[in-house]
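First the structure, in the form of structure tokens, and then the observations on it.
Just so it is clear, none of the values below were taken in a lab; they were calculated from the coordinates. All values derive from a computational prediction rather than experimental measurement.
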């Protein structure tokens with residue numbers, strides 16, 4: 001589903017995809033800035049299109065997108081975790097009388 005200005009939606013969607021492909025940060029403010037640039041290039045006055053935060057939220061819903069941030073922290077498993085999984089699995093799969 002498109003908004004009232006499909007040309008803006010298409011341009012902002014492309015902008016979003018390009019930034020994601022290159023691993024760059026995306027925010028509501030960046031989407032709004034891009035939408036305003038496109039509206040200006042299409043001679044759509046600010047009285048008709050404001051690119052509010054509400055617009056950005058609805059745009060994200062329409063396009064089924066989500067903001068996320070990349071982290072450098074990764075959760076590490078304990079060194080003996082693989083052995084613990086094997087042991088727990090063996091206990092779990094034993095018949096009831098053997099437990």
Want the number for residue 19 to residue 7: 0.36 nm per residue separation, take away the alpha-carbon distance, what's left?
-> 2.5 nm
Chain lengthening between residue 85 and residue 47 when straightened (0.36 nm per residue, less Cα-Cα) | 7.6 nm
Taking 0.36 nm per residue of separation and subtracting the Cα-Cα distance, what length does fully extending residue 61 through residue 33 add?
-> 8.3 nm
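Stokes-Einstein D for the range 1-74 at 25 °C, 0.890 mPa s, Kirkwood Rh over Cα pairs, in µm²/s?
On the way: Rh = 12.8 Å.
Calculated translational D: 192 µm²/s.
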